[in-house]
Amino acid sequence: NCTEEFENKFPQQFVYLRVPLRDSEHDDIDIHFESVLSFFTRVEQKRGKIIVHCDMGAARAPAFIIAFLVARKGIALADAYDFVCSMRPVTSINYHFLNQLAKLELSLGDGCSVLYHRDWQFFEFNNMKADIDPKTDWRKPEGVLATASRLHTKENDHDDHF
(Lines give C-alpha, C1' and ligand atoms only; values in the text may rest on other atoms or scores of the structure.)
Protein backbone atom coordinates (compact mmCIF):
# COMPACT_ATOMS: atom_id res chain seq x y z
CA ASN A 1 0.00 0.00 0.00
CA CYS A 2 1.94 3.00 -1.32
CA THR A 3 -0.49 5.63 -0.08
CA GLU A 4 -0.72 8.06 2.74
CA GLU A 5 -4.46 8.46 2.22
CA PHE A 6 -5.80 4.87 2.19
CA GLU A 7 -5.77 2.44 5.09
CA ASN A 8 -5.12 -1.27 4.52
CA LYS A 9 -8.58 -2.64 3.66
CA PHE A 10 -8.08 -6.33 4.41
CA PRO A 11 -5.48 -6.63 7.18
CA GLN A 12 -6.87 -10.01 8.27
CA GLN A 13 -6.49 -11.55 4.79
CA PHE A 14 -3.22 -10.04 3.54
CA VAL A 15 0.23 -9.15 4.80
CA TYR A 16 0.76 -5.48 4.06
CA LEU A 17 3.75 -3.25 3.78
CA ARG A 18 2.46 0.29 4.24
CA VAL A 19 4.50 3.02 2.61
CA PRO A 20 2.85 6.33 3.52
CA LEU A 21 3.74 8.37 0.46
CA ARG A 22 2.12 11.11 -1.57
CA ASP A 23 2.51 11.48 -5.32
CA SER A 24 4.36 14.72 -4.88
CA GLU A 25 7.58 16.38 -5.92
CA HIS A 26 8.18 16.95 -2.21
CA ASP A 27 8.05 13.28 -1.17
CA ASP A 28 11.01 10.97 -1.65
CA ILE A 29 10.54 7.38 -2.74
CA ASP A 30 14.21 6.53 -2.40
CA ILE A 31 14.03 6.47 1.41
CA HIS A 32 11.58 3.57 1.04
CA PHE A 33 13.54 1.54 -1.54
CA GLU A 34 15.29 -0.76 0.92
CA SER A 35 12.17 -1.71 2.91
CA VAL A 36 10.04 -2.19 -0.21
CA LEU A 37 12.69 -4.20 -2.07
CA SER A 38 13.31 -6.36 1.00
CA PHE A 39 9.57 -7.01 1.32
CA PHE A 40 9.30 -7.93 -2.38
CA THR A 41 12.30 -10.26 -2.06
CA ARG A 42 10.84 -12.01 1.01
CA VAL A 43 7.52 -12.56 -0.76
CA GLU A 44 9.33 -13.85 -3.84
CA GLN A 45 11.38 -16.28 -1.74
CA LYS A 46 8.19 -17.62 -0.18
CA ARG A 47 6.69 -17.96 -3.68
CA GLY A 48 3.92 -15.55 -2.72
CA LYS A 49 2.00 -13.07 -4.84
CA ILE A 50 2.29 -9.32 -4.59
CA ILE A 51 -0.19 -6.60 -5.36
CA VAL A 52 1.27 -3.13 -5.27
CA HIS A 53 -1.21 -0.29 -5.21
CA CYS A 54 -1.54 3.42 -4.77
CA ASP A 55 -4.54 5.62 -5.58
CA MET A 56 -4.58 5.52 -9.39
CA GLY A 57 -1.84 2.98 -10.10
CA ALA A 58 -0.03 5.55 -12.18
CA ALA A 59 2.97 6.77 -10.18
CA ARG A 60 3.87 5.37 -6.77
CA ALA A 61 3.09 1.69 -7.35
CA PRO A 62 4.73 1.55 -10.81
CA ALA A 63 7.78 3.38 -9.44
CA PHE A 64 8.34 0.70 -6.80
CA ILE A 65 7.85 -2.11 -9.31
CA ILE A 66 10.39 -0.46 -11.60
CA ALA A 67 12.80 -0.09 -8.67
CA PHE A 68 12.47 -3.83 -7.99
CA LEU A 69 13.11 -4.75 -11.63
CA VAL A 70 16.20 -2.53 -11.69
CA ALA A 71 17.68 -3.36 -8.30
CA ARG A 72 16.79 -7.02 -7.90
CA LYS A 73 16.35 -8.31 -11.46
CA GLY A 74 19.20 -6.34 -13.06
CA ILE A 75 17.03 -4.82 -15.76
CA ALA A 76 18.06 -1.46 -17.20
CA LEU A 77 15.89 1.39 -15.93
CA ALA A 78 14.84 2.39 -19.46
CA ASP A 79 13.70 -1.18 -20.14
CA ALA A 80 11.95 -1.59 -16.78
CA TYR A 81 10.15 1.72 -17.26
CA ASP A 82 9.09 0.98 -20.85
CA PHE A 83 7.99 -2.54 -19.86
CA VAL A 84 5.84 -1.31 -16.97
CA CYS A 85 4.37 1.45 -19.18
CA SER A 86 3.50 -1.15 -21.82
CA MET A 87 1.74 -3.28 -19.20
CA ARG A 88 0.09 -0.31 -17.48
CA PRO A 89 -0.42 2.50 -20.05
CA VAL A 90 -1.72 4.98 -17.44
CA THR A 91 1.73 5.03 -15.82
CA SER A 92 2.71 8.64 -15.25
CA ILE A 93 5.54 8.96 -12.74
CA ASN A 94 6.43 12.47 -11.61
CA TYR A 95 9.86 13.88 -12.46
CA HIS A 96 11.09 13.78 -8.88
CA PHE A 97 10.42 10.02 -8.64
CA LEU A 98 11.94 9.45 -12.11
CA ASN A 99 15.08 11.24 -10.97
CA GLN A 100 15.32 9.07 -7.86
CA LEU A 101 14.95 5.95 -10.01
CA ALA A 102 17.83 7.19 -12.19
CA LYS A 103 19.95 7.70 -9.06
CA LEU A 104 19.09 4.14 -7.99
CA GLU A 105 20.28 2.76 -11.31
CA LEU A 106 23.49 4.78 -11.14
CA SER A 107 24.16 3.61 -7.59
CA LEU A 108 24.17 0.00 -8.80
CA GLY A 109 27.26 0.73 -10.91
CA ASP A 110 26.07 -0.48 -14.31
CA GLY A 111 25.64 2.95 -15.85
CA CYS A 112 22.59 4.99 -16.74
CA SER A 113 20.18 3.69 -19.38
CA VAL A 114 17.92 6.77 -19.43
CA LEU A 115 20.46 9.35 -20.64
CA TYR A 116 18.62 9.61 -23.96
CA HIS A 117 15.15 8.45 -22.89
CA ARG A 118 12.35 10.78 -23.94
CA ASP A 119 10.77 10.81 -20.46
CA TRP A 120 13.99 11.82 -18.71
CA GLN A 121 14.30 15.19 -20.43
CA PHE A 122 13.64 17.45 -17.45
CA PHE A 123 15.56 19.98 -15.39
CA GLU A 124 16.33 17.90 -12.29
CA PHE A 125 17.75 15.01 -14.36
CA ASN A 126 19.60 17.33 -16.75
CA ASN A 127 21.48 18.76 -13.76
CA MET A 128 22.50 15.25 -12.73
CA LYS A 129 23.33 14.31 -16.32
CA ALA A 130 26.08 16.91 -16.39
CA ASP A 131 28.14 14.60 -14.14
CA ILE A 132 27.55 11.48 -16.25
CA ASP A 133 30.01 10.61 -19.02
CA PRO A 134 27.95 9.20 -21.90
CA LYS A 135 30.98 7.30 -23.25
CA THR A 136 31.59 5.32 -20.06
CA ASP A 137 28.39 5.60 -18.01
CA TRP A 138 25.69 4.91 -20.60
CA ARG A 139 23.97 1.55 -20.29
CA LYS A 140 22.39 0.52 -23.57
CA PRO A 141 18.76 -0.60 -23.14
CA GLU A 142 17.75 -3.95 -24.63
CA GLY A 143 14.14 -3.09 -25.43
CA VAL A 144 10.70 -4.11 -24.18
CA LEU A 145 10.59 -7.42 -26.05
CA ALA A 146 13.94 -8.56 -24.63
CA THR A 147 12.83 -7.45 -21.16
CA ALA A 148 9.54 -9.33 -21.42
CA SER A 149 11.37 -12.42 -22.67
CA ARG A 150 13.85 -12.20 -19.82
CA LEU A 151 11.09 -11.85 -17.20
CA HIS A 152 8.84 -14.53 -18.64
CA THR A 153 10.98 -17.48 -19.62
CA LYS A 154 9.51 -20.94 -19.15
CA GLU A 155 11.84 -21.41 -16.19
CA ASN A 156 10.55 -18.26 -14.50
CA ASP A 157 6.83 -18.48 -15.33
CA HIS A 158 6.11 -20.77 -12.40
CA ASP A 159 7.73 -18.12 -10.17
CA ASP A 160 5.84 -15.18 -11.69
CA HIS A 161 4.93 -12.84 -8.86
CA PHE A 162 4.02 -9.67 -10.71
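In terms of packing, defined here as the mean over residues of other Cβ atoms within 10 angstrom, the peptides 18-30, 76-88, 101-113, 60-72 line up highest first as 60-72, 76-88, 101-113, 18-30.
Go through Lys9/Lys49; Lys73/Lys103; Lys46/Lys73; Lys49/Lys140; Lys73/Lys140; Lys9/Lys73 and tell me which ones have a Cα-Cα distance over 19 Å in this structure.
The answer is Lys49/Lys140; Lys9/Lys73.
Over the range 20-162, accessible surface divided per residue gives 55 Å², non-protein components excluded, 1.4 Å probe.
Shape of the chain from its Cα gyration tensor (a ≥ b ≥ c, root eigenvalues): rounded if a/c is under 1.5, otherwise prolate when a/b > b/c, or oblate? It is oblate, given that a/c is not under 1.5 and a/b is not larger than b/c. For the range 104-109, the Karplus equation 6.51 cos²θ - 1.76 cosθ + 1.60, evaluated at θ = phi - 60°, returns couplings of 4, 4, 4, 5, 7, x Hz by residue, with Gly and Pro reported as x.
With K and R counted +1 and D and E -1, the other residues having a Cβ less than 13 Å from that of Gly74 yield a net charge of 0. Residues whose amide H lies under 5 Å from that of Trp138, counting only those 5 or more places away or on a different chain, are Cys112; hydrogens are built 1.01 Å from N in the peptide plane.
Computed from Cα atoms, the angle from the helix 60-71 axis to the main principal axis of the chain rounds to 70 degrees. Hey, what D do you get for the range 80-158 in µm²/s if you plug the Kirkwood alpha-carbon radius into Stokes-Einstein at 37 °C and 0.692 mPa s? It diffuses with D of about 238 µm²/s by this estimate. Roughly speaking, to the nearest percent, how much of the chain's 1.4 Å accessible area is carbon and sulfur? C and S atoms contribute 53 percent here. Couplings 3J(HN,Hα) for the range 140-153, derived from phi with the Karplus relation 6.51 cos²θ - 1.76 cosθ + 1.60 (θ = phi - 60°), are 6, x, 9, x, 5, 4, 5, 5, 4, 4, 5, 6, 10, 6 Hz, where x marks Gly and Pro. Going by a ≥ b ≥ c, the root eigenvalues of the Cα gyration tensor, does the range 105-148 fall in the rounded group (a/c under 1.5), the prolate group (a/b larger than b/c) or the oblate group? Oblate.
The values are calculated or read from the model by the stated rules, or taken from the named source; none is laboratory data. Predicted, not measured: the structure shown is a model, and the values here were computed from it. Methodologically, a virtual Cβ is constructed for each residue, glycine included, from the backbone with ideal geometry; neighbour enumeration extends over all protein chains shown. We work out accessible area using only protein heavy atoms, side chains counted, and drop any ligands, DNA or RNA first. Shrake-Rupley method; radii C 1.70, N 1.55, O 1.52, S 1.80 Å.
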